[in-house]
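See below for the structure under consideration.
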Amino acid sequence: MSALAKNYNRRKIAFKRGKGSFLYSTNGKKYLDFVQGIAVNSLGHSNPYLIRAINKQAKKVWHVSNAFIIPEGEKLAKRLTQKTFADYVIFQNSGAEATEAAIKVARRYFYSIGKPNKNRILCVKNSFHGRTIAAIFASGSKKMTEGFGPKVAGFDHFVFGNHKSLKKKITKNTAAIMVEPIMGEGGIKVIPDWCLKEIRKLCNKKKILLILDEVQCGIGRSGNFFAFEKSKVKPDIVPIAKGIGGGFPIGALLITKKVATAMVPGTHGSTFGGNPLAMSVGNAVLDQIFKKGFLKSIKKISKYFFNELNKIKNDYPKLVKEVRGVGLLIGLQLFNDQKKFIQKLENNNLLTIRAAENVVRILPPLNVKKSEINLAIKIIRKVCKECK
Ligand SMILES: *Cc1c(COP(=O)(O)O)cnc(C)c1O
């Protein structure tokens, strides 16, 4: 019997090792892994470059307190700011910590300019920002918050896609709007560029901050470094995590100079956040993602994958409702519950994971090979045939 609490609904499968896009189970099966730890292993399993980086740093120094200067973190922060809108970075260990830090920075900013009553965060109903006590109430999901009261104050919600409700929900107490440019857990729902632009305009008009949660859709997953880049919108605060560590737990908050001025010494901290070991892995991940042509290659293979998936949709119009997403953050929306479909894919050695709205979420590593996409397509076709 397992001594682990039952808070996960685990599949009955365990792995002894991984290599690139593949996982090898303890009972001798080889799986094409298009979950990759839910968009975490951006460069696949056991990436030799990352192994070298972690080994090299492990022999030097793993952890020192943020009471000291950490050169590896200085370097990672510098690179993140040079390539993005951000002026400053705060390192964390996970996505939820990063979104919580985003909320803290937004509130502290208004406090610092003498407007402490501007402290409410406006979020999408049933979004996902992590599982900490504040983050679940930010999501506004009944399922995630049930039994975890009292309700954390300071969050308002609008319905995805409803601009009127969004406008109406902004009050004099609103500090920020927080959205995922592509809703991951919510079912791979993409906010169109024009819509992100409108939200930015609204934030400017109301003098409030824009927080874009790129924990899942960021770090190359969309084919751009950030999913919002395509829209040309400039956010104030961007939490990241998942893909930046390539499997090592790293979270971070990217912020502009304007809001960073509020974060004076003592306002925020993390024991583990930004330690040398984590930072060295983060730098190694960026070495690969910033390589010339890497993002372009994601766009190219994504186009091919979407084409093939859309062909499947056309061949099975009563089964597949929509193929959606951007880059390698892909959702195959079915007309019916996707549980059986995902199980059948697994039976055929392809690992995928659910998202809301009957979506089968497909998350290859960013360095996936065309032959691996072809293998996935073959398996998905086979399962569609079985499910017809
Ligand atoms: C996964 C995720 C989080 C939470 O990340 P954790 O590392 O699980 O805390 C937050 N926001 C988004 C958009 C996510 O996909």
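The values are calculated or read from the model by the stated rules, or taken from the named source; none is laboratory data. What you are looking at is a predicted structure, and each value in this text was computed from that prediction instead of being measured. Note: ideal-geometry Cβ built from the backbone for every residue, glycine included; neighbour counts use all protein chains shown.
Descriptive notes on the structure:
- Considering region 293-325, and only residues there that are assigned to a helix (DSSP H, G or I) and basic (Lys, Arg), the residue that is surrounded by the fewest Cβ atoms within 10 Å (Cβ to Cβ) turns out to be LYS296.
- Only residues that are farther than 20 Å from PRO249 by Cα and surrounded by 11 or more Cβ atoms within 10 Å (Cβ to Cβ) were counted in region 1-22, giving 3.
- In region 25-35, residue nearest to ALA355 (Cα to Cα) [restricted to those that are crowded, with 16+ Cβ neighbours inside 10 Å and out of contact with any helix residue (DSSP H, G or I) (no Cβ under 9 Å at 6 or more places or on another chain)]: VAL35
- Scanning region 201-230 for residues that are under 19 Å from THR171 (Cβ atoms) and away from the ligand (no atom under 13 Å from the Cβ) returns LYS201, LEU202, CYS203, ASN204, LYS205, LYS206, LYS207, ILE208, LEU209, LEU210.
- Selection of region 153-200 for residues being over 26 Å from ASN224 (Cβ atoms) and either within 16 Å of the ligand (Cβ to nearest atom) or in the same structural domain as ARG361 (by TED's automatic domain parsing) (or both) yields PHE155, HIS157.
- Selection from region 42-96 of residues that are more than 16 Å from the ligand (Cβ to nearest atom) and among the polar types (S, T, N, Q): SER46, ASN47, ASN55, GLN57, SER65, ASN66, THR81, GLN82, THR84
- Taking the conditions (1) outside the structural domain of GLY37 (by TED's automatic domain parsing); (2) surrounded by fewer than 14 Cβ atoms within 10 Å (Cβ to Cβ) in turn, VAL285 satisfies each one other than (2).
- Matching residues in region 188-214 - criterion: being surrounded by 24 or more Cβ atoms within 10 Å (Cβ to Cβ) and charged (D, E, K, R): ASP213, GLU214
- Residue within region 137-146 that is more than 16 Å from the ligand (Cβ to nearest atom) and in a loop (DSSP other than H, G, I, E, B) present: yes
- Hits in region 197-226 - residues which are hydrophobic (A, V, I, L, M, F, W, C) and either touching a Ser or Thr at 6+ places or on another chain (Cβ under 6 Å) or on the phi > 0 side of the Ramachandran plot (or both): ILE208, ILE219
- For region 118-166, the candidate set comprises residues that are of a type in the set (Lys, Arg) and under 26 Å from ARG108 (Cβ atoms); within that set, the residue that is farthest from the chain's Cα centre (by Cα) is LYS118.
For (1) within 10 Å of the chain's Cα centre (by Cα); (2) surrounded by fewer than 24 Cβ atoms within 10 Å (Cβ to Cβ); (3) outside the structural domain of LEU328 (by TED's automatic domain parsing); (4) at pLDDT 95 or above, each residue gets a yes or a no:
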residue: GLN216; (1), (2), (3), (4): yes, no, yes, yes
residue: GLY220; (1), (2), (3), (4): no, no, yes, yes
residue: GLY223; (1), (2), (3), (4): no, yes, yes, yes
residue: SER231; (1), (2), (3), (4): no, yes, yes, yes
